[in-house]
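First comes the structure, then the notes that go with it.
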Amino acid sequence: ATLHAAFLTDMAANRFNYSFLHYRNPDTAGHADGWGSPGWNIAVKEIDGYLGDILNLIEADPLLDHHTAIIFSADHGGTGTGHGDPTNPADYTIPFLVWGAGVANGVDLYDVNASTRLDPGTLRPDYNALLQPIRNGDGANLALGLLGLGAIPGSTINADQSLNVVPLPAAAWMGLGLLAGLGAIRKLRGRTRSPV
């Protein structure tokens, strides 16, 4: 709660170009009471309220509204009070949601990225698989791409910034090579806004 209140105050005063927030409430509740427990559900509802506060802040500020994107993810799932079973999809399956400026509304990121990402279903591909799933590690270079910046030097996840959040119109692919198509996607970023 202290972190959240400080962020809202600081963001309203400074309007940072980039912010990273890690709310640990569901993780703490999951380890203490179990994932899916009443305590965990309360923690998730609390975070939902925090996200509502952030969205309200964005939409109430003309300098942020239509100019802000949010990448929402988790570091892991969980069952019982842990998340260490590599064979249990509930332990490693996470949400990865993107909202805001330059983001298409209501699209499945696996559909938009069919040539570069593979929906693993309940499988857990290793980092050597030819087509990777969308991982929480994609978020950093996605954020930099949305800001018009290059990838983190030495990064290995989404280092080519190929994770797209807007589908490229079919006409844009006609007669274009892959790099030209990726350039067209980058030009589209920041021109659209998707409502909640």
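Details
- The portion of the accessible surface of region 20-82 made up by carbon and sulfur, rounded to a whole percent, is 58 (1.4 Å probe; DNA, RNA and ligands excluded).
- To the nearest 10, the accessible area of L63 is 120 Å² with a 1.4 Å probe.
- Cβ-Cβ distance of A114 and H66, R₀ of 25 Å, FRET efficiency by 1/(1 + (r/R0)^6): the value works out to about 0.30.
- Between H76 and S155, the modelled label-to-label distance comes to 2.3 nm, taking each label 7 Å out from Cα in the direction of the beta carbon.
- Cα-centre dipole for the chain with unit charges at Cβ (Lys and Arg positive, Asp and Glu negative), debye to 20: 680
- Computing Rg and the Kirkwood Rh from the Cα coordinates of region 1-67 gives a ratio, Rg/Rh, of 1.07.
- Exposed trypsin sites (Lys or Arg not before Pro) absent - longest run of the chain, DSSP non-H/G/I/E/B, at most 16 other C-beta within 10 Å: 25-190
- Using a probe of 1.4 Å on the protein chains alone, the accessible area found for W35 is around 50 Å².
- Each stretch of four or more DSSP H residues adds -39500 (n - 2.57); spread over every residue of the chain, this sum gives -11500 deg cm²/dmol at 222 nm.
- Candidate residues H67, H4, H83, H76: accessible-area rank, largest first, probe 1.4 Å: H67, H83, H76, H4
- If you run the Gaussian network model on the chain, springs between alpha carbon atoms under 10 Å, then out of I134, I157, I42 the most flexible one is I42.
- Taking all Cα-Cα distances within region 1-154, those exceeding 23 Å account for 47%.
- Solvent exposure of the chain as accessible area per residue, Å², 1.4 Å probe: 59
- Highest to lowest packing among 101-107, 26-32, scored as the average C-beta count within 10 Å: 26-32, 101-107
The values are calculated or read from the model by the stated rules, or taken from the named source; none is laboratory data. Predicted model only: the values in this text are computed from it and were never measured. Heads up, the Cβs are rebuilt from the backbone with ideal geometry, glycines too, and the neighbour counts pull from every protein chain shown. Side chains included, ligands, DNA and RNA excluded: accessible areas come from the protein's heavy atoms. Shrake-Rupley method; radii C 1.70, N 1.55, O 1.52, S 1.80 Å.
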